[in-house]
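So the structure is just underneath, and the comments pick up after that.
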Amino acid sequence: MSDILTDITAGVMTITLNRVEKKNSITAAMYATMADALVQAEADPAVRAVVFQGHETIFSAGNDIGDFLNAPPATSESPVFRFLRGISTFPKPVLAAVCGPAVGIGTTMLFHCDLVYAGNNAAFSMPFVNLGLCPEAASSYLAPQLMGYGRAAEALLLGEPFMAEAALEMGLISRIVPPAEVAALAQRQAQKLAAKPLSSLLETKRLMKQTQAPMVAARMAEEGQSFGRMLREPAAREAFGAFMEKRKPDFSKV
Ligand code: COA
């Protein structure tokens, strides 16, 4: 079975992270599939909304750490950066159904979704610093804007997780329901959107996003440069090696 499942029903493209045995961590091949699916969804007039979903127990453990170690993204055309540019500029409505941990890009991709529905088991985290990295997906810009600097510093400097209630209060998510109901709610809302005039949806989303769009694009590019460099530096290599060897990282020498 593929690690990414794509389905189009009643005007809604659903993209499912389907690598539960590895906690839906995302490989380069998975980013490529999702980036291509977004290109297809944008071009296909029959698709009027996109839903991202994981599993009732896990949304995503973020980037595959083995990939970070063995095949870090080399250029701005790497699948991860293609996916991030695709989701951040996607013109039609994007929804997400999030249950369980949403780590790293599992959280930062949500900054680019229009409607996020979460299970009461959802736990969001952006532990880039703990991995010797820096924020991506324009989260260094969008997190302080959404959460306020104080809470963004706890999330991005300390790498502390926050739960669904906090995410709701800050406006990262739209509603909390029991995990078993999240996917169905996201589908219902997506189908409501799919029944509305697409031209109005496109124009409304464009207008809502237009002020921050240039800043998001510029910050994402700047973060991508730093992230790409830091992936190859000793702190990150130690963090990834420690994860693979199931031990605590030792940053005393880096
Ligand atoms: N990359 C690669 N493999 C991962 C992974 C990742 N990001 N996250 C989990 N896995 C793998 C584990 O290595 C393990 O594989 P194994 O069964 O072959 O040993 C399997 O998925 C299950 O993970 P495990 O850690 O045992 O599950 P858990 O329920 O105890 O914890 C998480 C779940 C998500 C809290 C935990 O896996 C985690 O913190 N993952 C890393 C998150 C991270 O730092 N991501 C990068 C962000 S930039």
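The values are calculated or read from the model by the stated rules, or taken from the named source; none is laboratory data. These numbers come from a predicted model, not from an experiment. With ideal geometry, Cβ positions are generated from the backbone for all residues, glycine too; neighbour counts draw on all protein chains shown. To get the accessible areas, we keep the full protein, side chains included, count just its heavy atoms, and leave off ligands, DNA and RNA. Shrake-Rupley method; radii C 1.70, N 1.55, O 1.52, S 1.80 Å.
Among the residues of segment 59-73, which ones are within 10 Å of Lys23 (Cα to Cα) and either among the β-branched types (Val, Ile, Thr) or near the ligand (Cβ under 9 Å from one of its atoms) (or both)? Passing the criteria: Ser60, Ala61, Gly62, Asp64. Checked against (1) assigned to a loop (DSSP other than H, G, I, E, B); (2) open to solvent by less than 90 Å² (accessible area, probe 1.4 Å); (3) under 24 Å from Ala97 (Cα atoms), Lys196 passes all but condition (2). Before we move on, is Met13 closer than 18 Å to Leu115 by Cβ and either in a loop (DSSP other than H, G, I, E, B) or of a type in the set (A, V, I, L, M) (or both)? Criteria met by Met13. The residue pairs whose first member lies in segment 228-243 and is free of Cβ contacts under 8 Å to residues at least 12 places away in the same chain, whose second member is open to solvent by 10 Å² or more (accessible area, probe 1.4 Å) and not in a helix (DSSP H, G or I), and whose beta carbons are closer than 9 Å, counting only pairs six or more residues apart or on different chains, are Ala242/Lys248; Ala242/Pro249; Ala242/Asp250. A residue that is surrounded by fewer than 19 Cβ atoms within 10 Å (Cβ to Cβ) and closer than 14 Å to Ser88 by Cα occurs nowhere in segment 222-239. Against the condition within 23 Å of Met215 (Cα to Cα) and within 14 Å of the ligand (Cβ to nearest atom), how does Val80 come out, does it pass? So Val80 passes the test.
Annotation note: Cβ proximity below 6 Å between a residue of segment 16-31 that is open to solvent by 40 Å² or more (accessible area, probe 1.4 Å) and a residue that is more than 8 Å from the ligand (Cβ to nearest atom) and among the hydrophobic types (A, V, I, L, M, F, W, C) (sequence gap 6+ or interchain) occurs for Asn18/Leu5.
Every residue, every condition in (1) closer than 19 Å to Ala137 by Cβ; (2) touching a strand residue (DSSP E or B) at 6+ places or on another chain (Cβ under 6 Å); (3) β-branched (Val, Ile, Thr), yes or no:
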{"site": "Asp3", "(1), (2), (3)": "no, no, no"}
{"site": "Ala10", "(1), (2), (3)": "no, no, no"}
{"site": "Val39", "(1), (2), (3)": "yes, no, yes"}
{"site": "Ala43", "(1), (2), (3)": "no, no, no"}
{"site": "Val47", "(1), (2), (3)": "no, yes, yes"}
{"site": "Phe52", "(1), (2), (3)": "yes, yes, no"}
{"site": "Asp67", "(1), (2), (3)": "yes, no, no"}
{"site": "Ala71", "(1), (2), (3)": "no, no, no"}
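Looking across segment 79-95 at every residue that is in contact (Cβ under 8 Å) with a residue 60 or more places away in the chain and over 13 Å from Met13 (Cβ atoms), the one that is nearest to the chain's Cα centre (by Cα) is identified as Leu84. Consider segment 103-123 and keep the residues that are over 25 Å from Arg206 (Cβ atoms) and touching a Gly at 6+ places or on another chain (Cβ under 8 Å). The one that is nearest to the ligand (Cβ to nearest atom) is Gly104. For Phe90, indicate whether it is modelled with pLDDT of 95 or more, open to solvent by less than 20 Å² (accessible area, probe 1.4 Å) and under 26 Å from Gln225 (Cβ atoms). Yes. Leu146 meets the conditions (1) within 15 Å of the ligand (Cβ to nearest atom); (2) touching a helix residue (DSSP H, G or I) at 6+ places or on another chain (Cβ under 7 Å); (3) closer than 30 Å to Arg188 by Cβ; (4) part of a helix (DSSP H, G or I) in every case but one. The failed one is (1).
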